[in-house]
1. Identify, from the list GLY290, GLY304, the residue that is at pLDDT below 80 and outside any helix (DSSP H, G or I).
2. So, of the residues in the stretch 371-412 that are without any contact (Cβ under 8 Å) to a residue 24 or more places away in the chain and small (Gly, Ala, Ser), which turns out to be surrounded by the fewest Cβ atoms within 10 Å (Cβ to Cβ)?
3. What number goes with the only condition from (1) of a type outside the set (Asp, Glu); (2) open to solvent by 60 Å² or more (accessible area, probe 1.4 Å); (3) in a helix (DSSP H, G or I) that LEU179 does not pass?
4. Can you name the number of the only condition in (1) at pLDDT 90 or above; (2) closer than 15 Å to LYS374 by Cα; (3) open to solvent by less than 10 Å² (accessible area, probe 1.4 Å); (4) among the small types (Gly, Ala, Ser) that GLY415 fails?
5. Yes or no: the stretch 188-208 includes at least one residue that is modelled with pLDDT under 90, touching a helix residue (DSSP H, G or I) at 6+ places or on another chain (Cβ under 6 Å) and closer than 29 Å to LEU84 by Cα.
6. Go through the residues of the stretch 149-161 one by one and say whether even a single one is modelled with pLDDT of 90 or more and surrounded by fewer than 24 Cβ atoms within 10 Å (Cβ to Cβ).
7. Taking the criterion of being surrounded by fewer than 12 Cβ atoms within 10 Å (Cβ to Cβ), part of a helix (DSSP H, G or I) and modelled with pLDDT of 80 or more, would at least one residue in the stretch 489-505 satisfy it?
8. Hey, PHE128 hits all of (1) within 21 Å of the chain's Cα centre (by Cα); (2) open to solvent by less than 10 Å² (accessible area, probe 1.4 Å); (3) modelled with pLDDT of 85 or more but one; which does it fall short on?
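The values are calculated or read from the model by the stated rules, or taken from the named source; none is laboratory data. Keep in mind that this is a model prediction, so the values were computed, not measured. Because the Cβ atoms are built from the backbone with ideal geometry, glycine has one as well, and the counts that use them run over all protein chains shown. Protein only, heavy atoms only, side chains kept; ligands, DNA and RNA dropped before computing areas. Shrake-Rupley method; radii C 1.70, N 1.55, O 1.52, S 1.80 Å.
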Amino acid sequence: MNLLKATGTIGGLTLISRVLGLVRDSLFARYVGASFASDAFLVAFRLPNMFRALFAEGAFASAFIPMFNQKVGDENGRGLADGLVFAEQALAVLLPVLIGMTVLLEVFAWPVTLLLSGKFHGVSAQDFSFAVSLSRMTIPYLMLISLVSLFGGILNSLHKFWVNAAAPILLNVTLIGALVVFHDHDPMATARNQAIAVSVSGALQLAWLGWSCRQNGVNLRLRWPRLNPAVKRLMALILPAAAGAGAAQINLVISTALAASLLPHGSVTYIYMADRLNQLPLGLIGIGLGTVLLPTISRQLGKGEDLAALDTQNRGMELALLLTLPATAALVVCGEPIAAALFGYGRFTATDTHFTAQALAAFSIGLPSYILVKVLTPGFYARQDTRTPVRYALISMAVNLVGNLVLIVPLHHVGPPLATAIASTVNVAMLYRRLVRRGDFIADRRLRRRAPRLVLAALVMGAVLWRGQLLIVPYVHGSWMMRFAALGALVTGGMLVYGLATVVMGAFSRDDIAMLVRRRRPARGV
């Protein structure tokens, strides 16, 4: 399987989803602004967002896919039929657990909201009750998206990556539709409609994945739940995988709760909007790489192809650095015009834009580490080791908590994002060091040669953008067409400078370009 092609397929669909997400956030900023209403919805939305990252994109996929592939690839078994039996057994146990969890969260929505928000900063009991009601509206999404992850894991194992990657598009389309059709002059009413739309989108995603599974010959039957050895093994892997793959999300929840409880209204929104921009390259690169690497490495290790697995992970790191470093430089130096172009109108003021750009710069410092976590953790999960990542995740969460407590008072809304970036960097350092010590990863000559050159190329691009952004600042407050044209010029200019710098510095050679062209030519004639 071509790593670049598969990652590109997922990244392309994720790009569509993230662009729609930016449209959604722009409309949300226009109709709700940075206020208590926006903070209340974003805290309510944080719980299903975190659960999706921990479970749908992290724990379940990390535990289920290697075991499913093992069942399918067992030479003494029946291939896909055995894999589907295992999936049915997992569903039989998963479904009642999810139903029970949903009911419990609905009943205890008040303390859950309190935990996520610290009861906000100086709000009345009535306003807090409003925030709790929004949480209750979004909680059903947790169960729905968890079932989506089961079907998506099966389709990913069958190399139908695009189906699962397209599902989040439905979330953004639903929320955009709710904003356009049901926005209100009262920001609280608009926030309430958004909370309802979240759970509606979960039902639509489940319907899409269920239909796609049927189209690919996957028809899961409901069984009576039984904790057989395979299911017990799956359950034992899920919890540590959740913390290991979702450390950044858990850190973000801690940051959000501290910001809601200690900082003025609007701070949660600044951090959220900055994280959304930071999530754009993370979604395009990190999720795509993580989705492809896990089944690829687990299959190679299952066949005894250890050297191939090592090469796959080296190329994954190389691709992550190639695509992540320029995004980091651009978001750090050009956060102000980017935030202004996307959010700076309607109820979202110039001050809100400036504070969002500050938070974005802090988040983006850790962007390479956020994505390298996605590249390194498959090296553990493919070997069915979920305990090591969880230990390091707990350490990084402790670093994040201490960083928040130390930085939030002097740096305000910049403190939590900076603490999150530091914690993620610590996590990556520990993961990398452990893989190397166990002999499961060795940076090959090509990676060692290219990595520092990629860093230099990104620094050159950042320096050029630092000066060049002054040319587009007058246009980021104009019409939508003018705003997008300005951002398009900024992105295009940055890509050209970075591409030229990588070739000049030897990080990406003309032979690489020729090889990519040769690989594409046969596909056109098919």
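1. Residue meeting the stated conditions: GLY304.
2. Per the stated criteria, the residue is ALA398.
3. Of the numbered conditions (1) of a type outside the set (Asp, Glu); (2) open to solvent by 60 Å² or more (accessible area, probe 1.4 Å); (3) in a helix (DSSP H, G or I), the odd one out for LEU179 is (2).
4. (2)
5. Among the residues of the stretch 188-208, not one is modelled with pLDDT under 90, touching a helix residue (DSSP H, G or I) at 6+ places or on another chain (Cβ under 6 Å) and closer than 29 Å to LEU84 by Cα, which makes the answer no.
6. no
7. Scanning the stretch 489-505 turns up at least one residue that is surrounded by fewer than 12 Cβ atoms within 10 Å (Cβ to Cβ), part of a helix (DSSP H, G or I) and modelled with pLDDT of 80 or more.
8. (1)
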